[in-house]
Amino acid sequence: MTLSIRPATPADLPLIAQFIRDLADYEKLAHEVRFDEATLGEKLFGPRPYAEVAIGEIDGQAQGFALFFHNFSTFEGRPGLYLEDLFVRPAARGSGLGKALLAHLAKLCIERDCARLEWSVLDWNTPSIGFYKSLGARMMDEWTVMRVDGDALAALASH
């Protein structure tokens, strides 16, 4: 079995879209998937990409992905990477591909002089939490994610 990680290309857009839908199904959030594939492609591969995608393959077959982007730590005075989505197809779990994707991102952090790699995990997802802890990740229990979207975002923007 050969694991490999490669950067996504515009030709991977349908695959990325399917991975996002599969992840949403796993997280019981399929009802929240609203993206338009053409817009997603523009935001990932257009003149100003907002995020990057790494494709994880086993024996040349795409089995997972990581979608990530830069953030910035004012305390560190350096950028970081934020992992928005990590997904490995169920049949490929346990192969080491998830760890390989995270290791790839850790290497990018080092190469890009990033201070840290961060992500969120649903609190019910105990298999993933255990996996992340086994890699040395620590829970940031003192932080709560906040979000403004939809009508609340429009109302805030109008002030």
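The values are calculated or read from the model by the stated rules, or taken from the named source; none is laboratory data. The structure displayed is predicted, hence computed values, not measured ones. Cβ atoms come from the backbone with ideal geometry, glycine included; neighbour counts cover every protein chain shown. Surface areas here come from the heavy atoms of the whole protein model, side chains and all, with no ligands, DNA or RNA. Shrake-Rupley method; radii C 1.70, N 1.55, O 1.52, S 1.80 Å.
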* **Complete set of residues in region 100-121 that are over 13 Å from the mean Cα position of the chain (by Cα) and open to solvent by 50 Å² or more (accessible area, probe 1.4 Å)** => LYS107, ILE110, GLU111, ARG112, ASP113, ARG116
* **Qualifying positions in region 60-87 - in contact with a helix residue (DSSP H, G or I) (Cβ under 7 Å, 6 or more places away or on another chain) and hydrophobic (A, V, I, L, M, F, W, C)** => ALA62, PHE65, ALA66, PHE68, LEU81, LEU83, LEU86, PHE87
* Is there any pair linking a residue in region 132-147 that is in a loop (DSSP other than H, G, I, E, B) to one that is open to solvent by 80 Å² or more (accessible area, probe 1.4 Å) and not small (Gly, Ala, Ser), with Cβ under 7 Å and at least six apart or on different chains, and which? -> LEU135/LYS99
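Given the residues PRO10, PRO90, which is the only one that is modelled with pLDDT of 95 or more and over 24 Å from ASN125 (Cβ atoms)? Quick ask: steps written out before the conclusion?
Values: PRO90 fails: over 24 Å from ASN125 (Cβ atoms).
Only one candidate passes the filter, namely PRO10.
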* State whether one or more residues within region 62-71 are over 20 Å from PHE19 (Cα atoms) and either surrounded by fewer than 18 Cβ atoms within 10 Å (Cβ to Cβ) or not polar (S, T, N, Q) (or both). => yes
* Output the qualifying pairs, or none if there are none: Cβ atoms under 7 angstrom, residues six or more apart or on different chains, first residue in region 92-104 and basic (Lys, Arg), second residue open to solvent by 10 Å² or more (accessible area, probe 1.4 Å). => LYS99/LEU135
* Going by the structure shown, is ASP25 under 17 Å from the mean Cα position of the chain (by Cα), open to solvent by 50 Å² or more (accessible area, probe 1.4 Å), modelled with pLDDT of 95 or more and closer than 18 Å to LEU122 by Cβ? -> yes
* **Residue count for region 127-158, restricted to those that are among the β-branched types (Val, Ile, Thr) and more than 18 Å from the chain's Cα centre (by Cα)** => 2
* Which numbered condition ILE58 misses (of (1) over 17 Å from the mean Cα position of the chain (by Cα); (2) open to solvent by 60 Å² or more (accessible area, probe 1.4 Å); (3) hydrophobic (A, V, I, L, M, F, W, C)) -> (2)
